[in-house]
Amino acid sequence: MYPAADAVDMDHTAHPPANTVLNDAEWCGGPPPRRRSTTVCLNDYDGTVPGQIPDPAWNGDERTTLTGFLEDQRSTLAWKCQGLSDAQLKTPSVPPSSLTLLGLVRHMAEVERSWFRRRLSAEPIGRIWCTEAQPDADFDSVADADVAEAFSRWGEECRIARSILKELDSLDVTFSTPDYLEMSARCMVNHMIEEYSRHNGHADLIRERIDGKTGDFPSSEEYVPLPGQG
């Protein structure tokens with residue numbers, strides 16, 4: 001967690017000199033993050049804990065950076081759902097909102113499928129749960145939903161999307177749909193990061209109301225596999 005605003009001078013004088021390497025206790029003020037590196041620690045995202053491969057998003061080319069952040073958001077949603085029962089995953093814990101963690105997982109399965117397969121790759125496939133009659137079935141129809149199927153579908157869509165992005169010639173590739181006259185793969189991947197980030201904010205609140213668990217990243221003891229990578 002970031003230090004409290006009244007505990008740290010938040011102007012530029014609070015930052016360490018260039019090329020200074022600080023440990024978590026000296027600067028971050030929180031537990032080790034999921035992604036680790038021997039780099040300058042300015043916040044919890046890039047904490048200094050040697051021993052694991054650095055996050056490629058920190059110093060990679062454009063595709064590597066965007067892919068790194070997208071995978072980070074996928075993993076965050078998986079972590080927010082970890083360790084809960086089927087009933088808890090179906091619980092709308094932040095009334096009057098009807099959002100549930102399972103609904104978010106089902107929704108992101110639909111989102112992965114729609115952007116990577118139906119739009120970018122122009123696959124002639126339908127949606128998973130949503131229909132014209134029930135356009136929000138991913139969110140709404142969770143009471144009787146199969147939890148294992150939802151996570152399996154999400155993992156499969158992530159796996160396919162990952163493969164599509166890896167094989168793409170360039171992020172300059174564009175596609176068109178009736179709703180999007182021309183969009184680049186670059187814009188689409190940025191939108192995917194935005195979509196996950198927004199819903200992970202929802203997931204933060206839903207999970208906290210279910211069992212009190214909070215946090216930006218798992219502890220160093222927690223294993224959170226990427227969806228679709230077991």
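The values are calculated or read from the model by the stated rules, or taken from the named source; none is laboratory data. Small disclaimer: the values here were computed from a predicted structure and weren't measured. All Cβ positions, glycine included, derive from the backbone under ideal geometry; neighbour counts span all protein chains shown.
Table: residues versus (1) at pLDDT 95 or above; (2) in contact with a helix residue (DSSP H, G or I) (Cβ under 6 Å, 6 or more places away or on another chain); (3) under 22 Å from E194 (Cβ atoms); (4) not assigned by TED's automatic domain parsing to the domain that holds D204.
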{"site": "E123", "(1), (2), (3), (4)": "yes, yes, no, no"}
{"site": "E149", "(1), (2), (3), (4)": "yes, no, no, no"}
{"site": "S152", "(1), (2), (3), (4)": "yes, no, no, no"}
{"site": "I160", "(1), (2), (3), (4)": "yes, no, yes, no"}
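Exactly one residue among D204, D172, D140 is under 16 Å from K80 (Cβ atoms) and in contact (Cβ under 8 Å) with a residue 12 or more places away in the chain, and that residue is D204. Of all the numbered requirements in (1) in the same structural domain as E123 (by TED's automatic domain parsing); (2) over 13 Å from the mean Cα position of the chain (by Cα), H191 misses one, and that requirement is (2).
Every residue, every condition in (1) more than 21 Å from the chain's Cα centre (by Cα); (2) of a type in the set (S, T, Y); (3) over 28 Å from S219 (Cβ atoms); (4) part of a helix (DSSP H, G or I), yes or no:
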{"site": "V94", "(1), (2), (3), (4)": "no, no, no, no"}
{"site": "R106", "(1), (2), (3), (4)": "no, no, no, yes"}
{"site": "R118", "(1), (2), (3), (4)": "no, no, yes, yes"}
{"site": "A122", "(1), (2), (3), (4)": "yes, no, yes, no"}
{"site": "T131", "(1), (2), (3), (4)": "yes, yes, yes, no"}
{"site": "R162", "(1), (2), (3), (4)": "no, no, no, yes"}
{"site": "T177", "(1), (2), (3), (4)": "yes, yes, yes, no"}
